[in-house]
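The values are calculated or read from the model by the stated rules, or taken from the named source; none is laboratory data. Here the structure is a predicted model, which means the values were calculated and not measured. For neighbour counting, all protein chains shown are included, and Cβ atoms are generated from backbone atoms with ideal geometry for every residue, glycine included.
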Amino acid sequence: MTPTELMGDPGPGGCFGRFGGRFVPEALVAACVDLEQAFRAAWSDPAFRIELDRLLRHYGGRPTPVSRCPRLSEEIGVEVLLKREDLTHTGSHKLNNVVGQGLLARRMGKSRLIAETGAGQHGVATATAAALFDMECVVYMGEVDIGRQELNVFRMELLGAEVRPVASGSRTLKDAVNEALRDWVGSVVDTHYCLGSVMGPHPYPWMVREFQRVIGEEAREQCRELLGGGDPALVVACAGGGSNAAGIFAGFADDTAAALVAVEAAGGAALTGGLPGVLHGMRSALLQDEVGQILEAESISAGLDYPGIGPEHAHLADIGRARYHSATDQQVLDAFQVLARTEGIIPALESAHAIAWVLANAGTDELPLGSTVLVNLSGRGDKDVAQVRDLLRP
């Protein structure tokens, strides 16, 4: 595969190398095909792109800045830049995708949005888009995640969404996806499934990455302005399903020499500890046992508590264009506090995984002293403050 083929159109089969595809019940095949056709038509329609850009700018708050971190950089000997997705409306990168999917659903004549959520940020963003476009909204959320993200549950309800608890399985993100897919099987006529990450059956991994591509395209130009025309040595992002990482990687994968690093939760590291398999309509790297049974993921962060990763990430790892590492819960808690103390920025626990990797590797061969690293700060930590308080002050 040549560099120009990286992070492009996977074609009608939806495959990234040996990963991806569309593994869904017969009842959803037509819905996925219709969605792919509708997205292709919309994405090539200048009027759709203009309206999306307008909403992201005037409603979502784009472009988000790239911020220098002078105190943190001095402390660790590496120049740290942050792409500030925490400054978007609703507090995370998730809005980029849901505004795009909401516009597309409206164009397709749908009146109802459904979504899954772990940390609640995608649920909040979907509820926000549903309010904006005057659509009914149902969000599926595991009972465990509801318990640790009560504020986001209230935000969704305040925005007019119904939050449906999921009591099956591990009662976390994986099980919320299962319930959302079951809902979609029976409601495809008037319902659009607003999937939140670069996972699931084709066209979702490709479509969500394209809606998130704006992060990387902005960041590349912003970094070149800050760095006198140069690029960062490394681009680092957290990864559960991997939408924020795919979005920022898309700006650097093809035409820069920047190394790409994604950081998974240590208890949900599908690429560093998983095997290829099929889950939620895609073939990707998954946490599973020797007979193919999916294992439960564990993470301090509800948004990364998923036993797989998007198929394009599995492909980028396969060809060596991106590296995948993990961070422990304790490293994440430490990073959460370090960024707050040094820069006055409280990151989401998801984003703190990326910061944790930078702190652990500054001054090593992975991240030499004096190098420049761009971290995608995918969300702000308001939602996690109460959880972190309870962990630090039991």
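Numerical summary
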read-out	value
Per-region count, the stretch 72-87, residues in a helix (DSSP H, G or I) and surrounded by 15 or more Cβ atoms within 10 Å (Cβ to Cβ)	7
Single residue of Gly20, Gly8 found to be within 18 Å of Tyr193 (Cβ to Cβ) and surrounded by 13 or more Cβ atoms within 10 Å (Cβ to Cβ)	Gly20
Test: residue in the stretch 369-384 that is at pLDDT below 95 and surrounded by 20 or more Cβ atoms within 10 Å (Cβ to Cβ)	yes
Residue within the stretch 190-197 that is among the aromatic types (Phe, Trp, Tyr) and either in a loop (DSSP other than H, G, I, E, B) or not assigned by TED's automatic domain parsing to the domain that holds Ala41 (or both) present	no
Tally of residues being touching a Ser or Thr at 6+ places or on another chain (Cβ under 8 Å) and either surrounded by 23 or more Cβ atoms within 10 Å (Cβ to Cβ) or under 21 Å from Arg171 (Cβ atoms) (or both) across the stretch 136-149	7
Residue within the stretch 63-75 that is in the same structural domain as Ala129 (by TED's automatic domain parsing), of a type in the set (S, T, N, Q) and out of contact with any helix residue (DSSP H, G or I) (no Cβ under 6 Å at 6 or more places or on another chain) present	no
Near pairs, Cβ below 9 angstrom, 6+ apart or cross-chain, from the stretch 331-350 (among the aromatic types (Phe, Trp, Tyr)) to any residue that is surrounded by fewer than 24 Cβ atoms within 10 Å (Cβ to Cβ) and modelled with pLDDT of 95 or more	Phe336/Ile346; Phe336/Gly381; Phe336/Val388
Pairs with Cβ under 8 Å, 6+ apart, first in the stretch 302-324 and over 22 Å from Ala119 (Cβ atoms) and among the acidic types (Asp, Glu), second buried (at least 24 other Cβ atoms within 10 Å of the Cβ) and at pLDDT 95 or above	Asp318/Phe19
Residue that is farthest from the chain's Cα centre (by Cα), among those in the stretch 41-65 that are in a helix (DSSP H, G or I) and not hydrophobic (A, V, I, L, M, F, W, C)	Pro46
Qualifying residues in the stretch 315-349 (those that are in contact with a strand residue (DSSP E or B) (Cβ under 6 Å, 6 or more places away or on another chain) and of a type in the set (Gly, Ala, Ser)) - the one surrounded by the fewest Cβ atoms within 10 Å (Cβ to Cβ)	Ala317
Residues being basic (Lys, Arg) and under 21 Å from Arg68 (Cβ atoms) - total across the stretch 207-256	2
Counted residues, the stretch 23-58 - those being exposed (fewer than 13 other Cβ atoms within 10 Å of the Cβ) and either under 19 Å from Gly310 (Cα atoms) or touching a Ser or Thr at 6+ places or on another chain (Cβ under 8 Å) (or both)	0
Restricting the stretch 150-163 to residues that are surrounded by fewer than 24 Cβ atoms within 10 Å (Cβ to Cβ), under 21 Å from Ser197 (Cα atoms) and in contact with a strand residue (DSSP E or B) (Cβ under 8 Å, 6 or more places away or on another chain), the residue that is modelled with the lowest pLDDT	Val153
Ala119 in contact with a Cys (Cβ under 7 Å, 6 or more places away or on another chain) and crowded, with 23+ Cβ neighbours inside 10 Å	no
Inter-residue pairs, beta-carbon under 7 Å, first closer than 18 Å to Ile146 by Cβ and in the stretch 170-198, second charged (D, E, K, R) and in a loop (DSSP other than H, G, I, E, B), 6+ apart	Ser170/Glu296; Thr172/Asp305; Leu173/Asp305
Test for Ala42: is it over 21 Å from Val185 (Cα atoms), out of contact with any His (no Cβ under 8 Å at 6 or more places or on another chain) and either in the same structural domain as Ala105 (by TED's automatic domain parsing) or not β-branched (Val, Ile, Thr) (or both)	yes
Residues of the stretch 247-293 satisfying the condition of being in contact with a Leu (Cβ under 7 Å, 6 or more places away or on another chain) and among the charged types (D, E, K, R)	Asp254, Glu264, Asp289
Within the stretch 286-301, considering residues that are without any contact (Cβ under 8 Å) to a residue 60 or more places away in the chain and within 17 Å of the chain's Cα centre (by Cα), the one nearest to Gly120 (Cα to Cα)	Ser299
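Listed here are the residues, each with its yes/no results for (1) modelled with pLDDT of 95 or more; (2) of a type in the set (Lys, Arg); (3) under 24 Å from Val78 (Cα atoms); (4) crowded, with 20+ Cβ neighbours inside 10 Å.
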residue: Pro205; (1), (2), (3), (4): yes, no, no, yes
residue: Gln212; (1), (2), (3), (4): yes, no, no, yes
residue: Glu217; (1), (2), (3), (4): yes, no, yes, no
residue: Cys223; (1), (2), (3), (4): yes, no, yes, yes
residue: Gly228; (1), (2), (3), (4): yes, no, yes, no
residue: Asn244; (1), (2), (3), (4): yes, no, yes, yes
residue: Ala250; (1), (2), (3), (4): yes, no, yes, yes
residue: Val261; (1), (2), (3), (4): yes, no, yes, yes
